[in-house]
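The values are calculated or read from the model by the stated rules, or taken from the named source; none is laboratory data. Bear in mind the structure is a predicted one, so any value in this text is a computation, not a measurement. Please note: Cβ atoms are built from the backbone with ideal geometry, for glycine as well, and neighbour counts cover all protein chains shown. Calculation scope for accessible area: heavy atoms of the full protein, side chains included, ligands and nucleic acids excluded. Shrake-Rupley method; radii C 1.70, N 1.55, O 1.52, S 1.80 Å.
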Amino acid sequence: MPGLQLLDSAYAVQGIRLGAAEGSVPWLRPTTNGIGKRWRTTHLYTAQADTLTLARQRVRDVTFWFRGGRYIGAVYMLAKEQKSRAVREQLTRRYGAPRTGQEPNTWYWLGRSTYILYEDASSGPGTIVHVASLDMLNEQVFETTVRREARAALGWQPDSLGMPRQFDSPADKKK
């Protein structure tokens, strides 16, 4: 999407350059990771959320994701009582009209190397916003509209770092 050129060129989420080395951001604190193969290569961090904002809305919680020792993006949680639609409106003003995701009340913006996924979970814990490099798509354990479009339009392919391959390669099909 042309509007995401700004995010693609900035290569920064919450002031951290995408691809920054794990451990290079002193204000991040490690948080609980899961168990299993995936969590050997993916590590989660948090920060003091009381001063963090997204589109001028206070963030209830934010998780910073590092995969293979590199920063891949952040997942923001906004409380459901907040005016989370103001976040989507500001993202639309800044990056252009979003595309509709496969789940109800989800929208996304896809750039050359980054994406934003907005999930308005008004019936759940709140709104979730992913702002990340395409490497974060590896963390989605099922096929999504964003992944499908990244594969078709950008040639993005999931890797097997930390989890079993999710899709056969062309070489596997020849066997």
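Select from the range 1-19 the residues that are modelled with pLDDT of 80 or more, open to solvent by 60 Å² or more (accessible area, probe 1.4 Å) and in a loop (DSSP other than H, G, I, E, B) and list them in ascending order. Answer for the range 1-19, where residues must be modelled with pLDDT of 80 or more, open to solvent by 60 Å² or more (accessible area, probe 1.4 Å) and in a loop (DSSP other than H, G, I, E, B): just GLY15.
Note on the range 25-41: residues that are in a loop (DSSP other than H, G, I, E, B), open to solvent by 100 Å² or more (accessible area, probe 1.4 Å) and of a type outside the set (Val, Ile, Thr) amount to 3. Going by the structure shown, is THR63 at pLDDT 85 or above, in a helix (DSSP H, G or I) and polar (S, T, N, Q)? No, not satisfied.
GLU22 meets each of the listed conditions (1) open to solvent by 20 Å² or more (accessible area, probe 1.4 Å); (2) touching a strand residue (DSSP E or B) at 6+ places or on another chain (Cβ under 8 Å); (3) of a type outside the set (S, T, N, Q); (4) modelled with pLDDT under 70 apart from (4). When ALA86, ALA153 are screened for being over 23 Å from ALA20 (Cβ atoms), at pLDDT 90 or above and part of a helix (DSSP H, G or I), only ALA153 passes. Note on the range 98-114: residues that are over 18 Å from GLY73 (Cα atoms) and either of a type in the set (Asp, Glu) or under 12 Å from the mean Cα position of the chain (by Cα) (or both) amount to 1. Within the range 89-110, the set of residues being among the β-branched types (Val, Ile, Thr) and either buried (at least 19 other Cβ atoms within 10 Å of the Cβ) or modelled with pLDDT under 90 (or both) comprises THR106 only.
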